[in-house]
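K.L.:
Have a look at this one.
The values are calculated or read from the model by the stated rules, or taken from the named source; none is laboratory data. Only a predicted model underlies this, so the values are computations on that prediction, with no experimental measurement involved. Counting neighbours? That spans all protein chains shown, and the Cβs are built from the backbone with ideal geometry, glycine included.
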Amino acid sequence: MKKIKGMILAAGQGTRVRPLTKYLPKPMMPILGKPVMEYLIEHMARYGITDIMVNVGHKHQEIENYFGNGSRWGVNIGYSYEGVYEHGEVTPKAMGSAGGIRKIQDFSGFFDTTTLVLCGDALIDLDLTAAVYEHRMKKAMASVVTLEVPREDVSSYGVVETDKDGRIVAFQEKPKPEEARSLFASTGIYIFEPEVIDLIPSGKVFDIGGDLFPMLAEKGMPFYAQKRFFNWIDIGQVADYWTVLQRVLNGEVAQMQMPGREVKPGIWVGINTRIDWDNAKIVGPVYLDSSVCIEAGAEIVGPSWISRGSRVCSGSKVIRSILLEYTRISPNQVFEETIVSPNYCVEHRTGETHYIGDDRTTLRWGDARGRD
């Protein structure tokens with residue numbers, strides 16, 4: 001495949017995924033101990049995409065400090081911070097998904113060849129070689145990879161209307177179900193030629209779905225949709241994050257290997273763990289990360305992920321749940337379909353968030369705070 005470049009969109013604040021993004025930018029949310037964005041970088045590197053730009057804003061230091069120049073993954077990573085100087089300090093101010101790309105182009109002219117653009121908050125296993133090949137065979141200036149979604153869900157996505165050749169004739173950003181012209185949703189995976197980036201106005205907030213794509217469709221430019229079969233797991237809301245972990249633990253996402261060592265069927269364990277195998281009940285699929293302690297009388301029912309440094313005390317049950325780093329579950333507590341951290345719990349079935357040590361709410365499940 002002819003050399004192409006990569007772009008990861010990572011400047012958003014992730015407000016729909018609070019409280020998970022209160023301390024981390026959305027691309028840094030962990031999946032089995034690795035940030036979502038790390039899986040994307042590994043996937044791009046697997047296909048020979050080694051020059052990657054990332055636009056950053058909210059909690060940008062977390063991304064930059066973790067990934068650095070990308071040498072650990074055999075790639076070159078650069079960053080473009082989107083912010084303004086106000087009241088004596090620099091604060092994030094997103095330029096929009098397209099505006100951020102144009103900012104990079106104006107600064108360095110980085111996008112001088114075909115570019116693959118990915119959103120930094122989704123897991124994918126798309127065959128990138130096939131996607132780029134189709135893009136080039138059609139002589140497209142812009143391509144959007146799409147998947148069909150139920151009509152009741154179209155209001156969460158941008159949807160495309162195409163002719164019989166796959167050329168996009170209309171693009172609707174989050175239409176009402178009754179007004180949707182199509183059920184094929186944009187997955188946030190785009191392939192652009194440099195000429196498309198030249199059409200983005202400089203210095204303006206400009207969105208790919210809301211501004212750029214309608215403009216391309218209106219101008220009748222060679223703008224195509226690709227309909228492909230692959231796993232696309234978008235983390236748009238807190239409930240999506242819980243669902244992602246369930247699918248990964250169930251082995252439903254290709255190219256995602258379970259970390260640790262499989263000590264029993266469906267049970268993977270990291271190093272430096274203390275688990276009372278004789279007196280604790282553990283039903284897979286379960287991943288117990290490094291430095292985890294599972295006491296006698298505790299019960300873990302999968303799909304569940306217990307992050308590093310966490311402890312489940314005697315008599316407690318963790319059922320289809322996620323414990324984030326250094327979370328301690330006190331004795332005789334029950335967490336079912338819940339995301340638990342030292343600071344908060346989010347119940348998947350209701351979407352309720354309960355903060356620990358916060359007078360605004362009472363935590364029903366007992367104390368989940370603490371490091372041992």
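K.L.:
Report, by residue number, each residue of region 22-77 that is outside any helix (DSSP H, G or I), exposed (fewer than 15 other Cβ atoms within 10 Å of the Cβ) and at pLDDT 90 or above.
P.N.:
The answer is GLY48, GLY68, ASN69, GLY74, ASN76.
K.L.:
Do we find a residue being under 14 Å from GLN246 (Cα atoms) and surrounded by fewer than 19 Cβ atoms within 10 Å (Cβ to Cβ) anywhere in region 322-337?
P.N.:
Yes: one or more hits.
K.L.:
Out of all the residues in region 292-304, is one or more in contact with a Ser or Thr (Cβ under 6 Å, 6 or more places away or on another chain), closer than 19 Å to PRO259 by Cβ and modelled with pLDDT of 90 or more?
P.N.:
yes
K.L.:
Let me ask you something else. Tally the residues that are more than 21 Å from GLN226 (Cβ to Cβ), more than 26 Å from the chain's Cα centre (by Cα) and in a loop (DSSP other than H, G, I, E, B), restricting the search to region 192-203.
P.N.:
3
K.L.:
Suppose we filter VAL248, VAL253, VAL244, VAL263 for residues that are out of contact with any Cys (no Cβ under 6 Å at 6 or more places or on another chain) and part of a strand (DSSP E or B); which single one remains?
P.N.:
Every option except VAL263 fails the conditions.
K.L.:
Determine whether SER307 is touching a residue at least 60 places away in the same chain (Cβ under 8 Å) and either buried (at least 16 other Cβ atoms within 10 Å of the Cβ) or assigned by TED's automatic domain parsing to the domain that holds ASP125 (or both).
P.N.:
Yes, satisfied.
Residue by residue, here is whether (1) small (Gly, Ala, Ser); (2) at pLDDT 85 or above holds:
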{"site": "ALA239", "(1), (2)": "yes, no"}
{"site": "GLY260", "(1), (2)": "yes, yes"}
{"site": "ILE271", "(1), (2)": "no, yes"}
{"site": "ASP276", "(1), (2)": "no, yes"}
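K.L.:
For region 140-155: of the residues being free of Cβ contacts under 8 Å to residues at least 60 places away in the same chain and not small (Gly, Ala, Ser), which is surrounded by the most Cβ atoms within 10 Å (Cβ to Cβ)?
P.N.:
VAL154
K.L.:
Then there's this: Can you name every residue in region 274-292 that is touching a Gly at 6+ places or on another chain (Cβ under 9 Å), under 23 Å from THR338 (Cα atoms) and either surrounded by fewer than 22 Cβ atoms within 10 Å (Cβ to Cβ) or not hydroxyl-bearing (Ser, Thr, Tyr) (or both)?
P.N.:
ALA280, LYS281, ILE282, VAL283, GLY284, PRO285, VAL286, LEU288, ASP289, SER290, SER291, VAL292
K.L.:
Among the listed residues GLY109, GLY83, GLY99, which satisfies the condition of being more than 23 Å from LEU123 (Cβ to Cβ), at pLDDT 90 or above and surrounded by 16 or more Cβ atoms within 10 Å (Cβ to Cβ)?
P.N.:
GLY99
K.L.:
Report yes if some residue within region 305-323 is under 26 Å from LYS34 (Cα atoms), modelled with pLDDT under 90 and in a loop (DSSP other than H, G, I, E, B); otherwise report no.
P.N.:
Looking through region 305-323, none of the residues is under 26 Å from LYS34 (Cα atoms), modelled with pLDDT under 90 and in a loop (DSSP other than H, G, I, E, B).
K.L.:
While we're looking at this one, here's another question. In region 218-232, is there at least one residue being part of a helix (DSSP H, G or I) and either in contact with a helix residue (DSSP H, G or I) (Cβ under 7 Å, 6 or more places away or on another chain) or assigned by TED's automatic domain parsing to the domain that holds LEU118 (or both)?
P.N.:
yes
K.L.:
Collect the residues in region 170-220 that are farther than 22 Å from ILE8 by Cα, loosely packed, with under 15 Cβ neighbours inside 10 Å and touching a residue at least 12 places away in the same chain (Cβ under 8 Å), keeping them in residue-number order.
P.N.:
ALA170, LYS176, PRO177
K.L.:
Right, GLU173: more than 21 Å from the chain's Cα centre (by Cα) and not hydrophobic (A, V, I, L, M, F, W, C) or not?
P.N.:
In short, no.
K.L.:
With the requirement that a residue be crowded, with 22+ Cβ neighbours inside 10 Å and either more than 13 Å from TYR47 (Cα to Cα) or free of Cβ contacts under 8 Å to residues at least 24 places away in the same chain (or both), what does region 125-139 give you?
P.N.:
If the condition is that a residue be crowded, with 22+ Cβ neighbours inside 10 Å and either more than 13 Å from TYR47 (Cα to Cα) or free of Cβ contacts under 8 Å to residues at least 24 places away in the same chain (or both), then HIS135 is the only one that fits.
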